Amino acid sequence: MKRAVVLLNMGGPNNLEEVEVFLNNMFNDKRIISAPKPIRMVIAKLITWQRKKEAKSNYAALGGKSPLVGYTQKLISKLEKHIDASIHMVMRYTPPFASDTVEKFKDVDEIYAIPLYPHYSSTTTLSSMEDFDENIKKMGIKAKVITLEHYYKHPDYLAAIVERIKETIGDDNPQDFELVFSAHGLPKKIIEQGDDYQRHIKYNVFYARRALQQAGIDFHNTHLAYQSRLGPLEWIRPYLDDKLKSLKKKKVIIYPIAFTIDNSETEFELEVEYREIAEELDFEEYRVAKAPNDHPAFVKCITNLYESMKTQKSMKKTA
């Protein structure tokens with residue numbers, strides 16, 4: 001039995017030349033902009049033209065590329081020691097694309113597709129799954145594909161969150177800090193159309209709070225807010241900048257609850273742009289926790305998810 005594990009994520013530019021590729025592919029995604037394809041292509045080109053200069057400047061500050069691929073490679077290196085399958089990353093908007101990867105699966109019997117999005121959304125999980133499935137069919141791959149939609153309450157995933165927050169606190173007293181779980185926002189209309197994302201985020205925060213409490217970590221208060229909004233539409237609230245203005249304590253820890261892998265939204269938007277807002281608001285401490293990345297608890301989470309998917313597949317076959 002030959003198996004492969006595929007880690008699905010949105011991707012990020014591997015160099016400054018790929019910034020336009022990333023933006024154009026993202027805004028050409030029907031799950032991001034639902035307009036008819038010809039109109040969507042025009043909108044994507046317009047947004048890319050408007051945003052490319054600023055985006056390139058931001059990625060230049062991160063060393064000329066997104067950190068996402070590098071962190072994912074480190075995760076894969078650790079997973080290879082625990083998983084009895086070949087492991088591959090497939091990115092939605094930048095290389096390695098599904099079209100670049102699926103040709104490796106011609107002799108594979110089973111493919112386990114694990115999204116690096118812990119919460120289900122049509123804009124992330126569904127978009128990546130549809131793209132992967134389309135390329136599997138296009139290449140005539142006969143392997144059975146086993147998929148996973150979400151895992152926001154998996155105990156090992158929650159353990160990774162707790163450990164990252166503990167690292168960020170260090171030897172300080174959590175009671176001196178407010179904790180803000182910051183999630184990537186979505187336009188309100190997408191949620192109103194039935195997308196599960198916000199519901200999953202809220203559940204994740206509930207379970208993370210409980211895990212922190214069980215670990216004896218008690219903050220002055222904990223909050224949920226949303227970052228990364230753009231355009232004229234109303235996005236889900238509260239917005240992170242508004243949340244920062246409302247905090248009573250002037251010491252805050254931000255945990256990027258929507259991400260398992262650090263990227264420009266965490267290492268530039270949170271670390272740089274929102275830090276500037278915090279400084280304008282006279283915060284004494286502004287700290288951003290790392291995403292799970294290749295933390296041992298997250299390696300264990302992905303490993304156990306894979307083993308669970310294998311078991312469930314076997315149970316279905318037996319039944």
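All of the numbers you see were taken from the coordinates with simple rules; none came from a lab. Given the structure is predicted, the values throughout are model-derived calculations rather than measurements. FYI the Cβ positions are ideal-geometry reconstructions off the backbone, even for glycines, and counts take in every protein chain you see.
With the contact rule set at Cα under 8 Å and sequence spacing of 6 or more, what percent relative contact order holds for segment 36-148?
For segment 36-148, the relative contact order is 22 percent.
Give me Thr147, Thr311, Thr72 sorted ascending by neighbouring Cβ count inside 10 Å, so fewest comes first.
Values: Thr147 16, Thr311 10, Thr72 24.
Final ranking by Cβ density, sparse to dense: Thr311, Thr147, Thr72.
For Ser122, Ser99, Ser182, what ranking results if the residue with the fewest other Cβ atoms within 10 Å of its Cβ goes first?
Starting with the residue having the fewest Cβ neighbours, the order is Ser99, Ser122, Ser182.
Give the calculated FRET efficiency between Asp133 and Asn15 to the nearest 0.05, with a Förster radius of 30 Å applied to their Cβ-Cβ distance.
Efficiency, from the Cβ-Cβ distance: 0.55.
Could you give the nm distance between label points at Ser77 and Lys142, where each point is 7 Å from its Cα heading toward the beta carbon?
Taking the simple label geometry, Ser77 and Lys142 are separated by 3.7 nm.
What is the extension gain from Leu233 to Lys166, computed as 0.36 nm multiplied by their sequence separation minus the C-alpha to C-alpha distance, in nm to one decimal? Write out the running numbers ahead of the final one.
Values: separation 67, 0.36 × 67 = 24.12 nm, distance 3.62 nm.
Here the segment from Leu233 to Lys166 would lengthen by 20.5 nm.
When the Karplus curve 6.51 cos²θ - 1.76 cosθ + 1.60 is applied with θ = phi - 60°, which whole-Hz ³J(HN,Hα) does each residue of segment 213-226 get, with x for Gly and Pro?
Once θ is set to phi - 60°, the couplings for segment 213-226 become 4, 5, 8, x, 9, 10, 7, 4, 6, 10, 9, 10, 8, 10 Hz.
In sequence order, what are the phi-derived ³J(HN,Hα) couplings for segment 17-25 according to the Karplus relation 6.51 cos²θ - 1.76 cosθ + 1.60 with θ = phi - 60°, rounded to whole Hz, with x for glycine and proline?
So the Karplus estimates, Gly and Pro as x, are 5, 7, 4, 5, 4, 4, 5, 5, 5 Hz.
Spin-label point model (7 Å from Cα, Cβ direction): what's the Tyr207 to Ser57 distance in nm?
Once both label points are built, they end up 4.0 nm from each other.
Counting only DSSP beta bridges with both residues in the chain, tell me the antiparallel percent, nearest 5. Could you put the intermediate results ahead of the total?
Values: 1 of 33 bridges.
Beta bridges within the chain, antiparallel portion: roughly 5 percent.
So how much slack lies between Lys249 and Lys106, counting 0.36 nm per residue of separation and subtracting their Cα-Cα distance, in nm?
Result: 45.8 nm gained on full extension.
Select from Leu224, Gln214, Gln193 the residue farthest towards the positive end of the dipole of segment 155-288; place +1 on Cβ of Lys and Arg, -1 on Cβ of Asp and Glu, and compute about the Cα centre.
It is Gln193, whose Cα lies furthest towards the positive end.
If the chain between Met1 and Lys153 were fully stretched, how many nm would it gain, using 0.36 nm times the residue separation less the Cα-Cα distance?
So the chain would gain 51.7 nm between Met1 and Lys153.
Using Cα positions and a limit of under 18 Å, work out the aspartates and glutamates in reach of Lys290, with same-chain residues fewer than 8 apart set aside.
Output for Lys290: Asp156, Glu163, Glu167, Asp171, Asp172, Glu178, Asp262, Glu265, Glu267, Glu269, Glu271, Glu273.
Exposed loop sites here are trypsin sites (Lys or Arg not before Pro) in DSSP loop states with at most 13 other C-beta atoms within 10 Å. What is the longest stretch of the chain lacking them?
143-247
So which of Lys74/Lys144; Lys81/Lys300; Lys52/Lys74; Lys104/Lys137; Lys202/Lys249 end up more than 18 Å apart by C-alpha?
Lys74/Lys144; Lys52/Lys74; Lys202/Lys249
Could you tell me the relative contact order of the chain? Use alpha-carbon pairs under 8 Å, at least six residues apart, and round to a whole percent. The partial results should precede the final answer.
Working: 531 pairs, mean separation 69.3, N = 319.
The normalised contact order for the chain reaches 22 percent.
Roughly what would the spin-label model give for Trp49 and His220, points 7 Å off Cα along C-beta, in nm?
4.8 nm
Given segment 155-288, what percent of its DSSP beta bridges are antiparallel, to the nearest 5? Show your work: numbers first, answer last.
On the way: 1 of 17 bridges.
Looking only at bridges with both residues in segment 155-288, the antiparallel portion is about 5 percent.
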